[in-house]
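Comments concern the structure below.
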Amino acid sequence: MTQPTIPANSSDASSPQDNAWNCLLALETQMLLERLPPTPFATSTPPTPSEMNPAPCFDVSAAPHTKIPHPALPDTYDGDQAGGERFLQSCVTYIQLSGEAFTSDALKISW
């Protein structure tokens, strides 16, 4: 074990109590450092990027499949001329959001 040295700071006039605390702190730090095991990279090459970025904790492909919720059906058209444009737009929006269900124009029209 090496003896700690009191940090030299020529710009400050330290009190004897500050010097004692600094010496005690340096001694305790040195004792803690000597207890640490040697680092694994002390004699080897630096880690590669893949070693520095480990794999995620879980496999995303193993996640359960969830269904995407379907959009709400358009309201029933009551024949009101003023609400016709709104009803037509809600039908178009529903068909666009449910694209996988409407694979042809015939299905879109018959719906």
- [ ] Of the conditions (1) open to solvent by 100 Å² or more (accessible area, probe 1.4 Å); (2) at pLDDT below 85; (3) assigned to a helix (DSSP H, G or I), residue 8 clears all except one; give me its number.
- [x] (3)
Open item on the list: Report every pair of residues separated by at least 6 positions or lying on different chains whose Cβ atoms are under 8 Å apart, first residue within region 67-92 and within 16 Å of residue 110 (Cα to Cα), second among the hydrophobic types (A, V, I, L, M, F, W, C) and surrounded by 12 or more Cβ atoms within 10 Å (Cβ to Cβ).
Closed with: 74/87; 74/91; 77/87
Open item on the list: Of the conditions (1) open to solvent by 100 Å² or more (accessible area, probe 1.4 Å); (2) in contact with an Asp or Glu (Cβ under 9 Å, 6 or more places away or on another chain); (3) at pLDDT 75 or above, residue 18 satisfies every one except a single condition; which number is it?
Closed with: (1)
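The values are calculated or read from the model by the stated rules, or taken from the named source; none is laboratory data. Keep in mind the model is a prediction, meaning the values are calculated, not measured. Ideal geometry is used to build each Cβ from the backbone, glycine not excepted, and the neighbour counts take in all protein chains shown. Heavy atoms of the whole protein, side chains included, go into the accessibility calculation; ligands, DNA and RNA do not. Shrake-Rupley method; radii C 1.70, N 1.55, O 1.52, S 1.80 Å.
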